[in-house]
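First the structure, in the form of structure tokens, and then the observations on it.
The values are calculated or read from the model by the stated rules, or taken from the named source; none is laboratory data. If you're wondering where the values come from, they're calculated on a predicted model, not measured in any experiment. All Cβ positions, glycine included, derive from the backbone under ideal geometry; neighbour counts span all protein chains shown. Ligands, DNA and RNA are stripped out before the accessible areas are found, and what is left, the full protein with its side chains, is counted by its heavy atoms. Shrake-Rupley method; radii C 1.70, N 1.55, O 1.52, S 1.80 Å.
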Amino acid sequence: MSIFAGGFLHLPVWILNANPLMVVIVWAACFSACSFFFGIFTGDYSWVDRLWSTLPVVFAWYYALRGGFSPALLIAASLISVWGVRLTWNFAKKGGYTGTEDYRWSILRGRIKSPLLWQVFNLLFISFSR
């Protein structure tokens, strides 16, 4: 993200002054890229699943901040936070934060025989489209 801000030191100013949609798009792309690379390096392709319930909460509160904490944005961010807590609780209860990979990925890896095609699937579906 510091590339968009003109350097690491300018990052906080950029986050507070840039178009909020652009900031969230850049954040999402960075987290997706991290999920993709962590999947490659660890062999666990569920990294994006661990962010699925928490990042929308962060994005909602960022929009609330940028919108001056208007009542409508506070209500929306609060509702998104409640939903995020529910999703996070359910995911944690099922062992999602223990390093256990989603069972579907091993099934699909068995069906997608080519390691290159698997990484394309990881990039385009698992990491970036979810």
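Brief remarks on what is shown
- Which numbered condition PHE125 misses (of (1) in a loop (DSSP other than H, G, I, E, B); (2) loosely packed, with under 14 Cβ neighbours inside 10 Å): (1)
- Test: ILE40 is more than 11 Å from the chain's Cα centre (by Cα) and either closer than 21 Å to PHE125 by Cβ or hydrophobic (A, V, I, L, M, F, W, C) (or both): yes
- Considering the range 1-91, the qualifying helices (runs of 4 or more DSSP H), each wholly inside and each with 2 or more residues that are open to solvent by 70 Å² or more (accessible area, probe 1.4 Å) and closer than 25 Å to ASP102 by Cα, run over 20-42.
- Of all the criteria given as (1) assigned to a helix (DSSP H, G or I); (2) open to solvent by less than 50 Å² (accessible area, probe 1.4 Å); (3) more than 23 Å from ALA18 (Cβ to Cβ); (4) without any contact (Cβ under 8 Å) to a residue 24 or more places away in the chain, the one not satisfied by ARG104 is (2).
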